[in-house]
Amino acid sequence: MIEPIKIVHLYPKEMNIYGDTGNRIVIEKRLSWRGIPFKSYLVGVGQNVPEDADFVIGGGGQDAAQGGIEKDLLNKASTLKKLADSGVVMLMICGMYQLFGKKFVTNEGKSIKGLGILDVETIAGEGRIIGNIVSTVPEMGEIVGYENHSGRTHLGDDAQPFARVISGIGNEEAGELEGARYKNVFGSYMHGPILSKNPHFADGLIKLALERRGIEISLKKLDDSITEKAHQLAKLRPR
Amino acid sequence: MRHLITIWVCKLVYWFLRRTGRHGAALPGLIAEKMDPKLINRLQKLPEGLIVITGTNGKTTTTHLVAEVLKKMGKRVFTNHSGSNMTRGILSSIVRNSKLNGRLPYDVAVLELDEAYAAKLSPILKPKASILTNVLRDQLDRFGEIDYTAKLLMRLAANTTDLVVYNACDPRLVYTPKNTKAKTISYGYVQNLAKNFPVDDNWHSEKVTAVPQTDYSLAAISASKIGLLAKNNKMVVDRSKLPGVHNALNLSGVIALINELYPESKVDFGNLKPPYGRGEEITVGDRTYILQLVKNPAGFSVAMGVEPNLPALIIINDSIADSRDVSWLWDVDVEQLSKRHALETSGTRAYDMANRLRYSDIGVSNIDVDIKNSIQHFVKHYERGVIFLTYTAMLQTRKIMQKLSRERRRK
């Protein structure tokens with residue numbers, strides 16, 4: 001009997017306007033279809049992050065919401081850093097990706113301090129970067145999604161990029177990098193939500209989480225035909 | 001004089017276009033915009049002025065209902081139809097409907113403007129009255145953020161001269177009245193109806209937001225009637241042709257506006273019908289289908305309650321006018337759809353919708369990106385049904401269904 005996989009969704013209420021909650025739905029379903037037990041925790045302002053989490057996910061919110069959680073996130077900093085260092089799988093999209101970096105400078109010039117788990121810095125730029133995006137991740141293949149951000153994110157020396165952009169912009173106009181990775185922490189600008197049409201990536205994350213727990217199990221193949229078709233068609237859509 | 005010349009030139013262009021077999025409204029509108037952008041001012045100078053309606057959801061229905069009620073009251077109403085809610089569309093309509101002596105033969109104008117245009121044009125338009133329906137997540141790929149959208153609505157309120165009617169149960173509109181000299185009147189619903197109207201702030205929480213007391217408050221909703229507390233007077237209004245709880249709220253805003261602008265009026269608010277695509281019924285032979293426009297999570301989640309057991313066809317397109325981004329489908333509470341007898345999906349993002357349903361363990365019996373094929377399949381298999389669709393899908397679907405309907409009649 002496997003102990004339930006613990007999925008922590010950070011700020012589901014504050015950081016929720018771009019559909020990234022779908023990432024939680026996808027992880028939950030892909031576990032449950034395979035009979036792997038799980039338990040989800042919705043962790044908002046003032047609530048604690050369970051120290052034995054297997055998955056931590058977070059999404060995009062409005063710039064104002066980002067300022068609103070800044071202080072609370074710093075209260076959670078030591079737990080989240082410990083989890084990240086120990087290889088817990090984390091998927092942070094857009095606003096939460098920025099806050100997992102060192103800092104985020106808003107359009108008004110205000111600097112919001114981030115967790116510094118990812119060695120990246122973000123500065124809000126002229127105009128938003130909006131549109132369909134396709135990128136490729138080594139050993140995982142193509143990832144499709146949608147980006148909508150004003151921040152330009154620059155990778156520091158210690159950061160690994162998450163993906164390489166095939167079409168779209170990604171982190172910043174200069175270069176062709178998308179997102180960042182540290183151990184099993186993934187930061188990305190890709191909505192869609194990212195796991196919804198990229199089942200190979202979703203399963204990749206699930207494998208990482210199970211391996212870390214020492215659970216040896218080969219993931220049962222699912223009928224992803226509808227999902228794959230949605231992935232293929234998304235690649236053909238205009239920017 | 002400038003007005004007059006613009007009108008003549010544009011009318012000439014119209015005449016020329018028609019003679020050469022074209023129906024473009026864009027070119028005369030463009031010319032009018034270049035020659036005389038202030039032509040739009042004529043609307044506020046009509047005897048009973050201009051009413052502007054904006055907000056994320058419900059503006060087309062609200063505009064249509066206000067115009068219908070004013071017509072019932074015997075007024076000549078200038079109004080724009082959805083899709084032409086931008087400057088050029090309005091200008092071209094002004095030019096087309098002006099007399100050769102430049103007179104615009106209407107008593108009152110009712111305009112639907114999207115949030116950005118409402119903000120941009122309101123300092124010029126100076127409307128007499130406005131209705132702010134709500135600020136919900138929609139078109140984020142265009143406006144970026146919801147809080148920004150709320151600011152756009154505030155600008156319209158600030159430039160309205162006599163009356164601002166606003167949905168105070170929307171958490172982003174609670175503060176509206178402060179920045180305007182116009183009289184402000186709120187509408188909304190009583191606390192125990194709040195669960196029917198999801199707002200973005202409590203989207204992923206169990207919480208139901210506490211709603212403020214409003215001047216016009218929806219107190220009871222049934223399929224055929226609404227109960228309204230209008231400044232504490234009870235009103236019961238027939239709404240049997242306006243399906244969905246969202247339309248009950250739209251109707252409340254309309255009643256608030258008309259009662260405040262025309263307190264002596266005894267107009268009957270019953271029997272009003274929705275504009276096309278917003279709960280409109282379309283028949284093909286002896287078969288009837290309801291078309292329900294969907295464009296954001298809150299709107300879709302509420303609209304799902306329309307005829308909750310009938311088969312449904314969901315058509316999701318991703319043109320600019322629909323929203324290129326379809327991430328929003330993941331914030332729709334799709335579980336309600338599992339009660340339906342059958343589900344089919346179509347549109348450029350047919351597979352995205354089917355995929356969304358897959359992840360809620362809801363099966364789909366037909367997936368086809370081709371809208372025409374899908375509609376033929378749906379009409380063939382089901383005598384009645386609801387078609388949920390995005391904006392461009394609605395335009396295509398209406399054409400296809402009208403054609404099907406004509407073909408049936410010929411047989």
Original post:
Any idea which of (1) in contact with a Gly (Cβ under 6 Å, 6 or more places away or on another chain); (2) among the aliphatic types (A, V, I, L, M); (3) surrounded by fewer than 23 Cβ atoms within 10 Å (Cβ to Cβ) is the one B:MET235 doesn't satisfy?
Top reply: (1)
Original post:
A:PHE104 passes all but one of (1) modelled with pLDDT under 95; (2) within 10 Å of chain B (Cβ to nearest Cβ); which number fails?
Top reply: (2)
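Okay, residues lined up against (1) within 14 Å of another protein chain (Cβ to nearest Cβ); (2) under 23 Å from the mean Cα position of the chain (by Cα); (3) acidic (Asp, Glu):
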| position | (1), (2), (3) |
| --- | --- |
| B:VAL284 | no, no, no |
| B:TYR289 | no, yes, no |
| B:PRO297 | yes, yes, no |
| B:ARG324 | yes, yes, no |
| B:TRP328 | yes, yes, no |
| B:ARG358 | yes, no, no |
| B:ASP368 | yes, no, yes |
Original post:
Is it true that some residue in the stretch A:53-66 is farther than 25 Å from A:SER196 by Cα and not in a loop (DSSP other than H, G, I, E, B)?
Top reply: yes
Original post:
Does B:ILE387 meet the test of being in the same structural domain as B:VAL294 (by TED's automatic domain parsing), part of a strand (DSSP E or B), modelled with pLDDT of 95 or more and surrounded by fewer than 22 Cβ atoms within 10 Å (Cβ to Cβ)?
Top reply: no
**OP:** Please find, within the stretch B:309-322, the residue that is nearest to the other protein chains (Cβ to nearest Cβ) out of those that are among the β-branched types (Val, Ile, Thr) and within 27 Å of B:LYS380 (Cβ to Cβ).
**Re:** B:ILE316
Subject >> Enumeration of residues in the stretch B:33-50 that are under 19 Å from B:PRO105 (Cα atoms) and either without any contact (Cβ under 8 Å) to a residue 12 or more places away in the chain or buried (at least 16 other Cβ atoms within 10 Å of the Cβ) (or both) >> reply: B:LEU39, B:ILE40, B:ARG42, B:LEU43, B:GLN44, B:LYS45, B:LEU46, B:GLU48, B:GLY49, B:LEU50
Original post:
Among the numbered criteria (1) in a loop (DSSP other than H, G, I, E, B); (2) at pLDDT 95 or above; (3) within 14 Å of chain B (Cβ to nearest Cβ), which single criterion is violated by A:GLU172?
Top reply: (3)
**OP:** Give the number of residues within the stretch A:84-121 that are assigned to a helix (DSSP H, G or I) and under 15 Å from the mean Cα position of the chain (by Cα).
**Re:** 7
Subject >> Total residues in the stretch A:45-65, condition touching a strand residue (DSSP E or B) at 6+ places or on another chain (Cβ under 8 Å), within 11 Å of chain B (Cβ to nearest Cβ) and either aromatic (Phe, Trp, Tyr) or surrounded by fewer than 24 Cβ atoms within 10 Å (Cβ to Cβ) (or both) >> reply: 1
Original post:
Which of the residues that make up the stretch B:334-356 are within 11 Å of chain A (Cβ to nearest Cβ) and in contact with a helix residue (DSSP H, G or I) (Cβ under 7 Å, 6 or more places away or on another chain)?
Top reply: B:VAL334, B:THR345, B:GLY347, B:TYR351, B:ASP352, B:MET353, B:ALA354, B:ASN355, B:ARG356
Original post:
Is it the case that the stretch A:197-213 has a residue that's at the interface with another protein chain (Cβ under 10 Å from one of its Cβ atoms), under 23 Å from the mean Cα position of the chain (by Cα) and outside any helix (DSSP H, G or I)?
Top reply: yes
**OP:** Out of A:ALA124, A:ALA180, report the one residue that is part of a strand (DSSP E or B), more than 20 Å from A:TYR11 (Cα to Cα) and touching a Leu at 6+ places or on another chain (Cβ under 6 Å).
**Re:** A:ALA180
Subject >> Where A:LYS229 falls short, out of the listed (1) modelled with pLDDT of 95 or more; (2) away from chain B (no Cβ under 14 Å); (3) within 28 Å of B:SER319 (Cβ to Cβ) >> reply: (2)
Original post:
Out of curiosity, is A:TYR97 in contact (Cβ under 8 Å) with a residue 12 or more places away in the chain, more than 19 Å from A:LYS183 (Cβ to Cβ) and crowded, with 18+ Cβ neighbours inside 10 Å?
Top reply: no
Subject >> Of residues in the stretch A:13-34 being more than 9 Å from every other protein chain (Cβ to nearest Cβ) and modelled with pLDDT under 95, the one surrounded by the most Cβ atoms within 10 Å (Cβ to Cβ) >> reply: A:MET15
Subject >> Candidate set: the stretch A:1-49, residues that are touching a residue at least 40 places away in the same chain (Cβ under 8 Å) and in a strand (DSSP E or B); chosen: the one nearest to A:SER218 (Cα to Cα) >> reply: A:ILE5
**OP:** Name every residue in the stretch B:169-185 that is in contact with a helix residue (DSSP H, G or I) (Cβ under 8 Å, 6 or more places away or on another chain) and at pLDDT 80 or above, in order of residue number.
**Re:** B:CYS169, B:THR180, B:ALA182, B:LYS183, B:THR184, B:ILE185
Subject >> Candidates A:LYS82, A:LYS113 - the one that is out of contact with any strand residue (DSSP E or B) (no Cβ under 8 Å at 6 or more places or on another chain) and touching a residue at least 12 places away in the same chain (Cβ under 8 Å) >> reply: A:LYS82
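The values are calculated or read from the model by the stated rules, or taken from the named source; none is laboratory data. Remember, predicted model here, so these are calculated numbers, not experimental data. Note that we place each Cβ from the backbone using ideal geometry, even for glycine, and neighbour counts take in every protein chain shown.
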